[in-house]
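Inspection log for the structure reproduced underneath, given as structure tokens.
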Amino acid sequence: MERTAILILGPTASGKSTLALELAARLPVEIVSVDSAQVYRGMNVGTAKPGADERARVPHHLIDIIDPTQSYSAAAFRADALGLVETISARGRIPVLVGGTMLYFKALLEGLSELPSSDTSVRARIDAEAAGRGWPAMHAELAKVDAATAARLAPNDAQRIQRALEIHRVTGRPMSELIGKPSTSPPFRSIALGLVPRDRGELHRRIETRFDAILANGLVDELRALRRSYRLTPTLPSMRCVGYRQAWQFLEGELTQAGLRDRGIFATRQLAKRQLTWLRSMPGVEVFDSLDPGLEDRILNFVNRALEAA
């Protein structure tokens, strides 16, 4: 059989992890996390990492691989994921790549353009400017030099605005000009499954329930402990993750408990909206209704047919 990987994509709270575990109960699989937050050690509650029991039942990869003071890129993910697809396949098992970081999926399937490496001094200057002017103003600046990139970013998407401005300042060229057409096909066949809820209102209710559970499970206490253990700043990629950013603002007295909840739910909804936009633009994804009560059986039948055709 040709080397094959199963991809499970979808917005937060759509049931991706549950589906992956269902597949693991019926097929010889290993799970590869496609989540830019689950890579961080100690960030367990806010990222809804699989628990010890789940990780004992089926091998999980690319979880807890760096400290929250470190950075992890789409390029690093692609290299790690390609290596894992090869080694898992060599063991006679099926890699299941599951998560909501759509940029990682895109990097894996399409390759990456040649962009400049991070320049810490340029990033520091951009962060200092943003601290005084605000990220919407930085977004407006980006729109003047790279309208195409600015058009697809939210005015408060600090991490991506920073990167786009950094690239322009380092190269003198807009990032949208440097990002070319897909350059590299992955050395494996993919069965891509997209989970898209037919009822957006139900997705929002699930997001609210999920974030309430994250708060009840101790998000704020977890962040307190992380701040004692590591030299963290609010500009680190780890602390820009949804939930942690709002919890940081709460600990700094910038948000009330109610404000933490409201901002966290709103940010999660915005994340889900961006994830759905990415997913709709990706070719070759078989879309399923994540609210379908017969979802697992439908997907298993689809996957089995696809594997037989490999």
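Read the figures in this text as sums done on the coordinates, not as results from a lab. Note that the structure is predicted; figures quoted are calculated from it, not measured. Glycine gets a Cβ as well: all are built from the backbone with ideal geometry, and neighbour counts include every protein chain shown.
With all projection directions averaged, the alpha carbon convex hull of region 95-146 covers 5.6 nm².
Cα extents for region 14-60 along the principal axes, largest to smallest and rounded to whole angstrom: 30, 23, 14. A Förster radius of 45 Å, combined with the Cβ-Cβ distance separating Asp289 from Arg41, puts the computed FRET efficiency at roughly 0.80.
The fraction of all Cα pairs in region 120-178 landing in successive 5 Å bins from 0 to the largest distance is 4, 23, 36, 25, 12, 1, given as whole percents. A simple charge model with +1 on the Cβ of Lys and Arg, -1 on the Cβ of Asp and Glu and nothing else charged puts the dipole of region 21-158 at about 200 debye relative to its Cα centre. Between 0 and 90 degrees, the angle of helix 219-229 with respect to the longest Cα principal axis of the chain falls at about 70 degrees.
Report the relative contact order of the chain, percent, no decimals, based on alpha-carbon pairs under 8 angstrom and at least 6 residues apart.
Values: 423 pairs, mean separation 84.3, N = 310.
Answer for the chain is 27 percent.
Neighbour counting of Cβ atoms within 10 Å sorts the residues Phe288, Phe211, fewest neighbours leading, into Phe288, Phe211. Shape index of region 1-130: Rg/Rh, with Rg the Cα radius of gyration and Rh the Kirkwood radius from the inverse mean 1/r over Cα pairs, equals 1.01.
Evaluated on region 163-310, the Kirkwood hydrodynamic radius is 19.0 Å, with distances taken between all distinct Cα atoms.
Taking 7 Å steps out from each Cα toward its Cβ at Glu22 and Glu129 produces label points 4.8 nm apart. Using R0 = 41 Å, the C-beta based FRET efficiency linking Ala225 and Ala147 works out to 0.45. Once the C-beta distance of Glu86 and Phe302 is scaled by a Förster radius of 25 Å, the resulting FRET efficiency is 0.55 to the nearest 0.05.
Helix 135-145 axis versus longest C-alpha principal axis of the chain: approximately 80°, rounded to the nearest ten. Note on the chain: the C-alpha convex hull projects to 16.0 nm² when averaged across all orientations. Centroid-to-centroid, using Cα positions, region 44-120 and region 221-270 are 23 Å apart.
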